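One structure below.
The values are calculated or read from the model by the stated rules, or taken from the named source; none is laboratory data. These numbers come from a predicted model, not from an experiment. For neighbour counting, all protein chains shown are included, and Cβ atoms are generated from backbone atoms with ideal geometry for every residue, glycine included.
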């Protein structure tokens, strides 16, 4: 692929769930990939639906060692670009980290769909981890069929959602919705690293998959 164009890291702006609980980005799912992409000399643009500072899920706040290791990635979240300013730019791919916030502002956002559909149509890569595949829910092929239809992917499972006690708080169960759209889900044991690459579509199941999904993105970008 043409790495003259940046990779868009698209992160949630949602700070609250439906019943008022705090949520946001799951920091590990952004920081580890961001650092790897930088290490591999992949230019990155960080944007969000609303722009500005990104809310971080309180359950993913880093310890002191992580804070030091992830310092530059954390700084990149302090003033993100609003999606409306960048969605028409050319990107080599779009990577969507999770956190439950993604369930609330990614599936029905017209510019999320626009930038991802545009990137896909231009032979770019789409990647997401954990709840990030919520951004795939609204995507359509040029013939109007769901983009995930007949494609193999993974995501945060219904079992994992029940385990963290948020299955009743989510607007929908992500794995169920993707299956309803015709996706072929490949799910591993709960909270184990698991990544699926189906052509230009790369997905990871959970936070434990953060590094592996980023590695798969790098491999896909450099293999094209």
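Below is a table of values for the structure above.
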item	result
Residue 207 more than 25 Å from residue 43 (Cα to Cα) and either in contact with a helix residue (DSSP H, G or I) (Cβ under 6 Å, 6 or more places away or on another chain) or surrounded by fewer than 18 Cβ atoms within 10 Å (Cβ to Cβ) (or both)	no
Residue in the stretch 116-136 that is nearest to residue 212 (Cα to Cα), counting only those that are buried (at least 23 other Cβ atoms within 10 Å of the Cβ) and out of contact with any strand residue (DSSP E or B) (no Cβ under 6 Å at 6 or more places or on another chain)	130
Some residue of the stretch 97-119 being at positive phi and either touching a helix residue (DSSP H, G or I) at 6+ places or on another chain (Cβ under 6 Å) or modelled with pLDDT of 95 or more (or both)	yes
Counted residues, the stretch 120-168 - those being under 21 Å from residue 90 (Cα atoms), more than 13 Å from the chain's Cα centre (by Cα) and in contact (Cβ under 8 Å) with a residue 60 or more places away in the chain	3
Failed item, numbered, when residue 42 is tested on (1) over 21 Å from residue 124 (Cα atoms); (2) in contact with a helix residue (DSSP H, G or I) (Cβ under 8 Å, 6 or more places away or on another chain)	(1)
Subset of the stretch 194-221 (residues that are without any contact (Cβ under 8 Å) to a residue 40 or more places away in the chain, part of a helix (DSSP H, G or I) and farther than 15 Å from residue 97 by Cα)	219
Filtered residues of the stretch 22-36 (kept if surrounded by 21 or more Cβ atoms within 10 Å (Cβ to Cβ), in contact with a helix residue (DSSP H, G or I) (Cβ under 6 Å, 6 or more places away or on another chain) and outside any helix (DSSP H, G or I))	26
